[in-house]
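Enquirer: Take this structure first; my questions come after.
The values are calculated or read from the model by the stated rules, or taken from the named source; none is laboratory data. This is a predicted model, so every value here is computed, not measured. Here the Cβ positions follow ideal geometry from the backbone for every residue, glycine too, while neighbour counts run over all protein chains shown.
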Amino acid sequence: MSSTVEAPAPRQPLKKKDLTADHPTWCPGCGDFAVLASFYRFLEKAQIPHEKIVVLAGIGCSSRFPYFVNSHSGHFIHGRSIPFASGVSLSRDDLHVFVFGGDGDGFSIGGNHLFHGARKNINLTYVIMDNSVYGLTKKQTSPTSPIGFKTKTDPTGAFDRPVNPMKALLASGATFIARSHAAQVNHMVDMYERAYAHKGFSVIEILSECVEFYPGAFDAAVPRKGGKFVEVQLKKGDGTPDDAQRHDPSDADAAFRLANLEAPGVYGVFYQVNPPSKNELEAQLVAKSRERVKHAAHIDVLRGTFARMR
Amino acid sequence: MVSPTSSTATPEGGAPSVEKLKDAVIRLAGNSQDGIQTIGGFLARLAGRSDQDVMTYMTIPSTISGGPSIFQVRMGSGEVLSAGDQADFLVAFYQHSYESHISFLREGGVLIYDTDHVKPNLDDKRFVHCGVAITGLTIEACGGAAKDKGKNMFVLGLLARLFSLKVDKLRALITERFGTKDGDVLRNAFLAFDAGYAYTVEGLLKRYYAFEDPVRPNACPQVTMDGNQAIAYGLIAAGCRYGAAYPITPWSSIMEILRTELPKYGGTFVQCEDELAAVSLALGAAYAGHLSMTGSSGPGLSLKMEALGWAVMAEMPLVVVNIQRGGPSTGLPTNVEQSDLMQAIYGSHGDAPRVVVAPQNVEDCFYLTMDACRIAKEYSVPVIILSDQALSSRIEAFDEPDLEKIMVKPVLDLSPRGEDFKPYPLDRMTRHAPPGTPMKGAYPTVTGLEHDEGGHPTGNPALHMKMTAKRRDKLRQLAATLPVPEVCGDQDGDVLLVGWGSTWGPIREAVKRGQAAGQKIAHLHLRHIHPLPNGLEPIFARYRQVFVVEVNDEGLYGFGQLATLLRARYALNKIRSITKTDGLTYRVREILEGVRRLSGEQTSTFSLYPGA
Ligand SMILES: Cc1ncc(C[n+]2csc(CCOP(=O)(O)OP(=O)(O)O)c2C)c(N)n1
Ligand code: SF4
Ligand SMILES: [Mg+2]
């Protein structure tokens with residue numbers, strides 16, 4: 001039995017040191033470090049207590065995330081983190097569920113789950129750390145590997161057409177879709193904050209370089225390396241002529257146009273709408289069902305059922 | 001069966017005599033769209049309400065649009081153990097029903113047939129023929145509007161008269177069933193029922209029948225349900241409020257019930273995109289601190305295997321229901337087989353010990369499901385419940401459970417944990433701290449990677465050995481607490497029949513019949529299969545032969561799946577197999593034939609089945 005003790009003393013504001021756990025096992029220079037650092041920064045800024053979050057993942061380098069955050073966390077199996085997280089979310093409305101994973105975990109083995117978790121609008125935040133390669137298994141082709149990329153499973157260069165992550169996410173029915181880059185810590189923090197505030201299925205695709213197997217993959221968006229990091233300008237509703245040029249995140253067609261831009265594309269919130277989440281709809285079903293049984297004690301509900309089976 | 005125990009009452013004033021029955025097997029044969037399941041269901045529930053014992057047997061076609069279908073009801077005033085090898089009464093709706101099922105009617109049995117559709121061989125004097133224009137009379141009664149929809153109600157009326165059934169109780173059941181639909185449905189049902197009841201079979205049959213008054217000690221009300229309902233309500237009684245699944249026959253009815261029922265208890269059941277998602281979602285709810293479940297049938301269980309391995313590694317409690325059907329692959333979706341045992345025990349990769357239990361009848365579907373829930377929580381382990389297609393659709397009546405005594409309240413334990421908390425302690429049982437729990441020390445990670453006591457990944461050989469042993473030893477601890485099953489029949493002797501799952505009734509009846517014929521024979525039924533309870537060796541030692549009766553294949557080496565396990569576990573050559581793969585439940589006769597065959601092989605001087 002676990003020992004129980006008195007409740008902890010009044011809470012001190014969360015600091016980074018409260019949030020760090022095992023030292024990350026990633027290769028030095030891996031983009032995932034920055035994704036983690038910006039997550040700490042976001043949690044610190046938002047002052048979300050430990051008891052309100054849970055960090056989950058599938059399998060992959062990126063999916064090692066839970067070990068590196070001092071919070072309730074779970075390391076599940078390859079590709080199934082979304083249904084696992086859905087089970088947590090749908091049964092525990094008091095928690096905010098964060099899910100981390102790679103491009104293979106999300107778009108290949110877990111593709112079907114991503115699609116259904118998104119269309120059901122389950123309340124959680126999913127961060128896909130896209131390095132366009134299989135890192136953990138050491139350089140095989142991933143569903144986002146570009147044509148021509150040489151891997152151990154495509155030594156002469158990949159020729160299957162890659163998934164366009166943003167288009168796939170838009171088609172999935174996700175209700176908050178954003179894109180960021182591991183070289184942009186402030187931008188990532190901003191995206192975390194917006195995703196966290198969203199009710200429903202929020203997903204952030206973060207380009208995160210695998211320095212070991214795909215170095216330089218996303219340099220085209222790194223100003224320091226001569227690239228361009230272009231942010232999506234969201235409408236402000238200020239009626240200015242400039243505003244007409246800005247992006248309306250509830251406009252799916254406009255979002256698809258952004259998704260269709262040539263690499264390195266743009267970064268920010270592509271899409272956001274607010275239909276009810278599955279969490280809300282299930283809660284309504286429970287409320288109606290409880291009403292129908294006149295809020296009876298559980299034992300009496302079952303007794304009533306048995307009485308009808310006599 | 002009727003004949004040995006029935007007696008004819010004295011006829012009164014020329015009225016047809018009434019024969020008292022101890023029990024009767026009635027087989028209804030038609031097409032699935034005729035609603036014969038409805039007749040069967042009414043009869044079963046009536047028996048339950050009349051404190052009679054009842055068991056049903058149903059075959060359903062796997063095509064939705066219908067096809068030949070049967071429903072067999074065995075009602076009796078004593079203990080009813082099987083749905084019956086032979087029918088005493090056969091109701092044939094069509095020529096094909098007659099042709100396929102007349103061989104099931106015992107000699108002297110009564111054939112009731114629809115003269116509008118069936119031309120029986122009236123020269124066959126083995127049977128009593130009773131032709132009734134079921135179709136025509138139903139149309140007449142309901143004014144033609146109902147077409148042949150009311151035939152089942154007409155037949156129910158006919159049977160009510162024939163068996164002197166309690167009409168007021170039947171009418172109440174019909175009202176409960178159809179009363180919520182629009183008025184016409186209920187009115188037509190009664191029109192057809194009354195026409196059937198009023199029909200005089202006196203010209204055709206010499207007598208009416210009535211069941212003997214049941215002798216039930218301290219009768220408490222009985223509930224009548226099928227095995228799948230019993231599992232669903234067992235889960236609710238045990239405090240399970242969360243689940244997820246994907247539809248598949250014959251599992252689906254459980255998820256349909258839970259989807260409707262759980263919200264009444266504040267819970268949620270999710271229909272997922274596939275079984276991989278279903279088991280994962282259920283595990284998410286378990287990790288979140290709830291008692292949670294998933295379920296499926298054969299193909300779906302296969303898909304859940306990787307995640308079940310995670311549950312073993314992460315030591316996550318989970319209840320998994322598997323309603324076995326004929327396999328492999330899509331196999332025989334609407335037939336029975338007990339061929340998922342090895343997959344349930346060993347189906348995941350790696351050394352992944354988990355618990356497997358198998359309910360023996362409908363009542364046990366309720367209680368063993370509750371026990372599975374208890375075990376999952378106490379040992380922080382996945383528990384697989386192996387039921388099967390036969391149990392899923394079989395209707396039985398049993399004493400209404402005393403909920404006051406057994407109902408379990410769901411608890412979500414988020415009490416703060418101390419500095420010394422470890423998710424995977426080596427010296428005690430794992431008790432997870434669900435998310436939301438305030439922690440004094442580090443926050444825990446649950447994981448499918450091999451780990452140390454704190455949940456940190458490790459490849460350390462010594463730790464892998466220790467953790468593997470921990471996951472195995474907790475099942476040994478469980479085994480030590482399991483009750484040794486009772487042996488029914490001779491307490492020592494020639495043959496011990498060992499069974500598991502839905503074969504309980506037929507095996508028990510086989511033993512009774514064998515004993516009546518002078519055999520020294522007994523029955524041991526295993527409900528907890530992995531781990532096995534301790535203390536079986538001394539039982540096996542008391543018998544010269546141990547025959548394991550299963551509905552699966554004898555395999556490459558001549559042994560069914562449980563027999564293989566028992567031989568490996570006890571290294572006894574005398575353990576052998578009686579198996580079959582026809583997709584149907586065992587008939588008592590088949591078991592006795594198996595006993596005779598195996599005994600004959602082993603001991604030439606010894607006949608276990610005299611006169612067969
Ligand atoms: C069922 C299953 N199949 C395959 C694997 C092996 N595997 C582990 S991670 C991985 C791919 C990881 O790629 P990605 O999801 O992009 O994560 P990254 O390592 O690049 O962060 C594979 C194929 C596994 N663990 N489980
Ligand atoms: S292999 Fe690539 S993705 Fe994995 S830790 Fe190293 S750099 Fe990061
Ligand atoms: Mg990757």
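Enquirer: Say whether the condition of being touching a residue at least 60 places away in the same chain (Cβ under 8 Å), out of contact with any helix residue (DSSP H, G or I) (no Cβ under 6 Å at 6 or more places or on another chain), more than 23 Å from residue B:286 (Cβ to Cβ) and away from ligand 2 (no atom under 16 Å from the Cβ) is met by at least one residue in the range A:23-30.
Expert: no
Enquirer: Quick one: in the range A:83-105, of everything that is under 11 Å from the mean Cα position of the chain (by Cα) and within 13 Å of ligand 1 (Cβ to nearest atom), which residue is nearest to the other protein chains (Cβ to nearest Cβ)?
Expert: Checking each candidate, the answer is A:99.
Enquirer: Kindly list the number of the only condition in (1) touching a His at 6+ places or on another chain (Cβ under 9 Å); (2) under 30 Å from residue B:220 (Cβ atoms); (3) away from chain A (no Cβ under 11 Å) that fails for residue B:407.
Expert: (3)
Enquirer: Say we look at the range A:39-82 and pick out the residues that are more than 16 Å from ligand 2 (Cβ to nearest atom) and polar (S, T, N, Q); which of these is nearest to the chain's Cα centre (by Cα)?
Expert: For the range A:39-82, the residue satisfying everything is A:81.
Enquirer: While we're looking at this one, here's another question. For the range A:48-63, which positions are within 14 Å of ligand 1 (Cβ to nearest atom), touching a helix residue (DSSP H, G or I) at 6+ places or on another chain (Cβ under 6 Å) and of a type in the set (A, V, I, L, M)?
Expert: A:57
Enquirer: Can you name the number of the only condition in (1) part of a loop (DSSP other than H, G, I, E, B); (2) touching a strand residue (DSSP E or B) at 6+ places or on another chain (Cβ under 9 Å) that residue B:496 fails?
Expert: The one condition residue B:496 does not meet is (1).
Enquirer: Could you list, ordered by first residue, the pairs with Cβ atoms under 6 Å in which the first is in the range A:101-118 and within 15 Å of residue B:280 (Cβ to Cβ) and the second is of a type in the set (Ser, Thr, Tyr) and away from ligand 2 (no atom under 16 Å from the Cβ), at least 6 apart or interchain?
Expert: A:101/A:81; A:115/A:172; A:117/A:86
Enquirer: Among (1) away from chain A (no Cβ under 14 Å); (2) in contact (Cβ under 8 Å) with a residue 24 or more places away in the chain, where does residue B:182 come up short?
Expert: So residue B:182 meets the others, but not (2).
Enquirer: Output the number of the condition that residue B:491 fails; it satisfies all remaining conditions of (1) under 21 Å from residue B:545 (Cα atoms); (2) in a helix (DSSP H, G or I).
Expert: (2)
Enquirer: Being hydroxyl-bearing (Ser, Thr, Tyr) and either more than 19 Å from residue B:313 (Cβ to Cβ) or within 10 Å of ligand 1 (Cβ to nearest atom) (or both) is the filter here; which residues of the range A:64-80 pass it?
Expert: Looking only at the range A:64-80, we keep the residues that are hydroxyl-bearing (Ser, Thr, Tyr), and these are A:67, A:71, A:73.
A:71, the sole residue that qualifies.
Enquirer: Can you tell me which residue among B:236, B:257 is surrounded by fewer than 24 Cβ atoms within 10 Å (Cβ to Cβ), out of contact with any Gly (no Cβ under 7 Å at 6 or more places or on another chain) and in the same structural domain as residue B:378 (by TED's automatic domain parsing)? Walk me through it before giving the result.
Expert: Details: B:236 fails: surrounded by fewer than 24 Cβ atoms within 10 Å (Cβ to Cβ).
Exactly one of B:236, B:257 is surrounded by fewer than 24 Cβ atoms within 10 Å (Cβ to Cβ), out of contact with any Gly (no Cβ under 7 Å at 6 or more places or on another chain) and in the same structural domain as residue B:378 (by TED's automatic domain parsing), namely B:257.
Enquirer: Scan the range B:410-433 residue by residue and report those that are in a loop (DSSP other than H, G, I, E, B), crowded, with 22+ Cβ neighbours inside 10 Å and at the interface with chain A (Cβ under 8 Å from one of its Cβ atoms).
Expert: Scanning the range B:410-433 gives B:421, B:433.
Enquirer: Oh, and also: Does residue B:143 count as surrounded by fewer than 21 Cβ atoms within 10 Å (Cβ to Cβ), more than 26 Å from the chain's Cα centre (by Cα) and either modelled with pLDDT under 95 or small (Gly, Ala, Ser) (or both)? I'd like the intermediate steps shown before the answer.
Expert: Numbers: surrounded by fewer than 21 Cβ atoms within 10 Å (Cβ to Cβ): yes; more than 26 Å from the chain's Cα centre (by Cα): yes; either modelled with pLDDT under 95 or small (Gly, Ala, Ser) (or both): yes.
Considered against the rule, which asks whether it is surrounded by fewer than 21 Cβ atoms within 10 Å (Cβ to Cβ), more than 26 Å from the chain's Cα centre (by Cα) and either modelled with pLDDT under 95 or small (Gly, Ala, Ser) (or both), residue B:143 comes out as yes.
Enquirer: Which residues, taken from the range A:41-70, are farther than 24 Å from residue B:280 by Cβ and more than 14 Å from chain B (Cβ to nearest Cβ)?
Expert: A:41, A:42, A:44, A:45, A:46, A:47
Enquirer: Residues in the range A:277-293: is at least one at pLDDT 95 or above and over 30 Å from residue B:236 (Cα atoms)?
Expert: No, there is no match, as no residue in the range A:277-293 is at pLDDT 95 or above and over 30 Å from residue B:236 (Cα atoms).
Enquirer: For the range A:106-117, which positions are under 12 Å from the mean Cα position of the chain (by Cα) and either more than 11 Å from every other protein chain (Cβ to nearest Cβ) or within 13 Å of ligand 1 (Cβ to nearest atom) (or both)? Steps first, please.
Expert: Initially, the range A:106-117 is screened for residues under 12 Å from the mean Cα position of the chain (by Cα), giving A:106, A:114, A:117.
Selection gives A:106, A:114.
Enquirer: Identify the single condition in (1) within 12 Å of ligand 1 (Cβ to nearest atom); (2) without any contact (Cβ under 8 Å) to a residue 40 or more places away in the chain that residue A:132 does not satisfy, given that it satisfies every other one.
Expert: Among (1) within 12 Å of ligand 1 (Cβ to nearest atom); (2) without any contact (Cβ under 8 Å) to a residue 40 or more places away in the chain, residue A:132 violates only (2).
Enquirer: If only one of A:95, A:170, A:136 is surrounded by fewer than 24 Cβ atoms within 10 Å (Cβ to Cβ), within 15 Å of ligand 2 (Cβ to nearest atom) and among the aliphatic types (A, V, I, L, M), which one is it? Working first, answer last.
Expert: Working: A:95 fails: within 15 Å of ligand 2 (Cβ to nearest atom); A:170 fails: within 15 Å of ligand 2 (Cβ to nearest atom).
Every option except A:136 fails the conditions.
Enquirer: Working only within the range A:271-299, note down all residues that are facing chain B (nearest Cβ under 8 Å) and basic (Lys, Arg).
Expert: At the first step, the residues of the range A:271-299 found to be facing chain B (nearest Cβ under 8 Å) are A:282, A:285-286, A:288-290, A:292-293, A:298-299.
The answer is A:288, A:290, A:292.
Enquirer: Follow-up. Let me confirm something: among B:563, B:541, B:522, which residue is surrounded by fewer than 15 Cβ atoms within 10 Å (Cβ to Cβ) and either among the basic types (Lys, Arg) or over 19 Å from the mean Cα position of the chain (by Cα) (or both)?
Expert: Values: B:563 fails: surrounded by fewer than 15 Cβ atoms within 10 Å (Cβ to Cβ); B:522 fails: surrounded by fewer than 15 Cβ atoms within 10 Å (Cβ to Cβ).
Going through B:563, B:541, B:522 in turn, the sole match is B:541.
Enquirer: Spot the failing condition for residue B:492; the list is (1) without any contact (Cβ under 8 Å) to a residue 24 or more places away in the chain; (2) surrounded by fewer than 17 Cβ atoms within 10 Å (Cβ to Cβ), and only one is missed.
Expert: In the conditions (1) without any contact (Cβ under 8 Å) to a residue 24 or more places away in the chain; (2) surrounded by fewer than 17 Cβ atoms within 10 Å (Cβ to Cβ), residue B:492 misses (1) alone.
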